[in-house]
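The values are calculated or read from the model by the stated rules, or taken from the named source; none is laboratory data. Predicted, not measured: the structure shown is a model, and the values here were computed from it. As a convention, Cβ positions derive from the backbone with ideal geometry for all residues, glycine included, and neighbour counts pool all protein chains shown. The protein model used for the area step is the full one, side chains on, heavy atoms only, and it has no ligands, DNA or RNA in it. Shrake-Rupley method; radii C 1.70, N 1.55, O 1.52, S 1.80 Å.
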Amino acid sequence: MANKGFSLRIQEYGLRLKWARSIVLRSGAIGLISGGVLGALFGCIYFPVTFVTALIGAGLGLGLGLVNGLLLGILSCLFFYPLQFVRLYRAIVKSMSALIAAGGTVSFGPWYFSSTALTPSSAVLIGFSSVLAAIIAGWAGWLAGHTIAQWYEQQWARQKGELPAPTTHSATPNSNPTSRSLNPTFRRLTKGIMSGSEISSEPALGSHFADREPG
């Protein structure tokens with residue numbers, strides 16, 4: 001009995017680590033893709049070097065996505081295992097993802113250009129661009145958090161479905177209501193075809209067979 005409980009705990013820890021790793025990888029992939037796309041769009045608007053801004057955005061998105069995924073994996077597997085408060089978990093994951101994405105993006109611009117001599121107009125442009133990019137990144141982080149929370153909820157629903165549940169009805173061949181209503185008719189017709197005596201119990205069919213009998 002003790003060995004069985006120990007093996008169950010080992011399986012539980014292994015499942016937690018597996019789900020945490022999946023959360024980290026999913027968050028990193030989402031950050032990589034969304035960061036590259038947003039960086040390319042940012043480059044199309046402000047700079048002629050779209051490829052460079054796409055690479056910068058992809059790198060920033062990958063880094064923020066991995067950090068976000070690591071925090072979400074720890075949060076999910078330590079404080080929301082088992083998943084009992086779905087709405088609370090969904091709200092925390094969305095808010096955390098949005099804050100990490102927006103905070104990392106808004107601080108990246110001033111840090112990246114901190115060693116560059118800027119004019120007042122270029123400083124204003126970089127500040128405005130950083131705020132705008134942070135708003136868009138926060139929205140993308142909110143969507144990423146929604147995707148990760150939905151995936152975690154689906155994993156828990158699937159895990160519950162794999163557990164043995166008590167049967168509420170017996171699995172009989174006539175468990176379908178339609179088959180229960182149609183089977184007596186089919187049996188009646190079959191018996192009527194195989195046996196003339198049962199068919200003769202019907203008035204119309206009995207008179208028809210009586211006319212065909214030799215006098």
Nitroxide proxy distance, nm - points 7 Å out along Cα→Cβ at Tyr13 and Ile135: 4.8
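Efficiency by 1/(1 + (r/R0)^6): what FRET value for Asn3 and Leu99, r their Cβ-Cβ distance, R0 = 35 Å, to the nearest 0.05?
Details: r = 45 Å, r/R0 = 1.27.
With a Förster radius of 35 Å, E is 0.20.
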What full-extension length gain, to one decimal in nm, is calculated for Trp111 and Phe51 as 0.36 nm per residue of separation minus the Cα-Cα distance? 19.5 nm
Percent accessible area from carbon and sulfur atoms, the range 5-99, protein chains only, probe 1.4 Å: 76
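I need the Kirkwood Rh of the range 14-76: take the reciprocal of the average 1/r across all distinct C-alpha pairs and report it in angstrom.
On the way: mean 1/r = 0.0840 Å⁻¹.
It is 11.9 Å.
Tell me, in nm to one decimal, what length is gained between Leu143 and Ala157 on full extension, where the rule is 0.36 nm per residue of separation less the Cα-Cα distance? Walk me through the intermediate numbers first.
Working: separation 14, 0.36 × 14 = 5.04 nm, distance 2.10 nm.
That works out to 2.9 nm of additional length.
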If the range 1-157 were replaced by its equivalent ellipsoid, with semi-axes equal to the square roots of 5 times the Cα gyration tensor eigenvalues, what would those be, largest first, whole Å? 38, 14, 12
Per residue, how much accessible area does the range 1-116 show when a 1.4 Å probe rolls over the protein heavy atoms, in square angstrom? 62
